[in-house]
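A quick write-up on the structure given underneath.
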Amino acid sequence: MKIPLDCSLADVFRRAAFMRAHPGEVALSLRRERVRHAAWHLWPEAQPCVIGVMDVADAGHAAAVARGSDLAVDRVHGGFKRHWRRAEMHPVQFDPLSPDPFPSCRLLFEARG
C-alpha cells in the first residue's frame, strides 16, 4: 500500500529507527498478529510517503490484535498511523519474489514474525 503522510521525514526516520532498535518486540508483535513478513519503504517524493507491505492471511485479525496491544512498538506504530492520509492511500503492484521489489525506494525496515 502506498501511504502519503502528513509528517516530516524526520518523523518517518525516527519511527523506523525505533523499530530497528527493538527487533525482538517487533517480531513478537508480528507473531501475535500472525503477520509473516512486514516491510516499509520510503517512496521518493517531495512529500513524505511510504510503501507498507504485509504478508498476512487475516488483516482484520492483525489490526484487532495491534489495537489491543500493550507493546511499545505497537504504540509507536499506532502513533505513526495517525499521520496517514488515508483518502490518498492506494495499492501498489510489485513482484513479491523480486530481491528489490521497489528499486526507486529506500528500505526503512523489515521484520518477520
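The values are calculated or read from the model by the stated rules, or taken from the named source; none is laboratory data. Since the model is a prediction, treat every value here as computed from it, not as a measurement. Reconstructed Cβ throughout: ideal geometry from the backbone, glycine too, with neighbour counts over all protein chains shown. The area values use the complete protein model at the heavy-atom level, side chains included, leaving out ligands, DNA and RNA. Shrake-Rupley method; radii C 1.70, N 1.55, O 1.52, S 1.80 Å.
Quick rundown of the values:
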{"item": "Calculated [θ] (222 nm, deg cm²/dmol) that DSSP helices of n ≥ 4 give over the chain, each run adding -39,500 (n - 2.57)", "result": "-11500 deg cm²/dmol"}
{"item": "Exposure rank, largest accessible area first [Phe18, Phe109; 1.4 Å]", "result": "Phe18, Phe109"}
{"item": "Charge sum, other residues only, whose C-beta stays under 14 Å from Ala38's C-beta, Lys/Arg counted +1 and Asp/Glu -1", "result": "+3"}
{"item": "Scattering curve values for the range 1-42, log₁₀ I(q)/I(0), Debye with Cα scatterers, q = 0.15, 0.23, 0.29, 0.35 Å⁻¹", "result": "-0.45, -0.90, -1.06, -1.15"}
{"item": "Where only C-alpha atoms are counted, convex hull volume of the range 12-113 per residue in Å³", "result": "109 Å³"}
